[in-house]
Amino acid sequence: MEQPNDVPQQWQQKASNSVLAVQEQWLTQLQNPTLNKFVQQALKNNQQLLQTSYDVEIQKQQLIVSGAALWPSLDLSTRTSRSKDNRPVSYNNASSVSLDLTYEVDVWGKLSDAKREANLNYLAQQARFEQAKQQLVADVVISWFDVVSAQQLLDLFKRREENAQQSLEIIESGYRQGINEALDVYLARNELNTERTRIATQQANLSASSRILERLLGEYPKGAISANSDLPVINTDIPLGLPSELIKRKPTLRASWYELLATDAALAYAHKLRFPSLNLTASLSDSTDRVSDLFSPSSLAWSLLGSISAPLFEGGRLKANEEIARLNTQKQEQLYLQTLYDAFGDVENAISQQQSLKAQYTSTLEAQENALAAEQLSFEQYQSGLVTYTTVLDAQDRSFDAQSSLIEIKNQLIANRINLHIALGGDFAMPSSELKSNNDEN
């Protein structure tokens, strides 16, 4: 089996740093001790990851089972009996012991193919476990910043509620003085109620985001995690490496490749089942009336036997099993190619999404500054009687949209950056000193 030859030399989405090696330890860039603690907790307590770790151990034991077929099998059996005969009355004692050895000579390498298949499945499961760890860390980081984003949106809604309350008080005061119209009062009251509705909805969203993070940490979903933190903006570019390096670096691709090799070994095993088998058996036995006389040199019996067996007629069963194994190999080959090209697609999509989000962030940041200035100016002009209150509400809506969009885009930038690290196969691993300190705290 060989890797495909049509792997591109460069990523289709051009980048200035595309030839630099993929960056490891990407988690340290965030410089967030709380987040690092959450990651270690998830790696220790996440139920789904623990299940995957048990799958690795199960596959390891399966490898031992397959390897045992290459060794002789030695069995010891003993038997003791006592019988009575009534004609005439007599008692008979009988004791026997037997030591049997069986061994199948691996003439065609059939048993070696079975062990090779189990070993490749074990390597594939190890790679899947490594991918599961990387994905879990990414999910924890993304979920943490979802909580941060939800908290910032909630704080934004509360500030807007305060502003709406202040605006309502000013407008109601002007209405009592005969300066403002009743319509302005109704619109201001409606705006205040709208902000309170947004707060209630966002509080539920914050609790839901907290529960998702708590489940990733292996905890009961209380929805009690809060985050008074900022959303960082990381402007450094991510080294992309070369597409050909992704094949060996990403655990998912390694697992799929090992699975393909395992099906090829299974095909070889199914083919060699149709060949003759050479078996050797040896036996050492003794039988006597008294247990104390067992293993007496004068009564020991032994035998050595070699046999060759070959299937002659199985009704097409062996041939059909070999064909099934061959079709499974071809199926796994296509699955590997699908996994490979999907991995390339994930990288290409993340690169283009990163470029798009950067452009959106720049324009939205500028839009927020303009919208905040327009909101303040419109209210001042309303108080001076130059514009209607509808103009103020329109300016406030534009300001709200710009501020909330900026929070969401910053969160999307972080999530896409992390997804790009995962797509590239970059390892999250923190320095050993940091891991040690976190473990000491636990």
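Observations
- Using alpha-carbon coordinates, inclination of helix 33-45 to the longest axis of the chain, degrees: 30 degrees
- Segment D155..L327, full-extension length gain: 56.1 nm, with 0.36 nm per residue of separation and the alpha-carbon distance subtracted.
- For the chain: relative contact order, % (alpha-carbon pairs under 8 angstrom, 6 or more apart): 26 percent
- Gained length - S384 relative to L305, 0.36 nm times residue gap less alpha-carbon distance: 17.3 nm
- Only Cα sites of the range 13-118 enter the Debye sum here, all with the same form factor; the resulting log10 I(q)/I(0) across q = 0.10, 0.19 1/Å is -0.73, -1.05, listed in q order.
- Taking other C-beta atoms within 10 Å as the exposure proxy, S209, S352, S384 rank S384, S352, S209 from fewest upward.
- Counting only lysines at least 8 places from K250 when in the same chain, those with an alpha carbon closer than 23 Å to its own are K14, K44, K60, K133, K331.
- Each of (1) 44; (2) 51; (3) 66 is a candidate for percent of Cα pairs over 30 Å apart; the one calculated from this structure is (3).
- When each of the peptides 174-182, 48-56 is scored by how many other beta carbons lie within 10 Å of its residues on average, the order from highest to lowest is 48-56, 174-182.
- Degrees separating the helix 47-68 axis from the principal Cα axis of the chain, which is the longest one: 20 degrees
- For the range 163-234 versus the range 20-57, the gap between their alpha-carbon centres in whole angstrom: 34 Å
- Loop-located trypsin sites (Lys or Arg not before Pro) in the range 190-273 whose Cβ has at most 15 other Cβ within 10 Å (DSSP): K222
- Cross-link partners of K222 among aspartates and glutamates, defined as those whose alpha carbon lies under 12 angstrom from its own and excluding same-chain residues fewer than eight positions apart: E214.
- Between helix 110-176 and the chain: long-axis angle, C-alpha atoms, 0 to 90°, nearest 10: 20 degrees
- Toward the positive end of the charge dipole of the chain, with +1 on the Cβ of Lys and Arg and -1 on the Cβ of Asp and Glu, the farthest Cα among A118, L216, Q135 is that of A118.
Read-outs throughout are calculated quantities, based only on the coordinates presented, and are distinct from any laboratory measurement. Bear in mind the structure is a predicted one, so any value in this text is a computation, not a measurement. Neighbour counts are summed over all protein chains in view; Cβ atoms, including those assigned to glycine, are modelled from backbone coordinates with ideal geometry.
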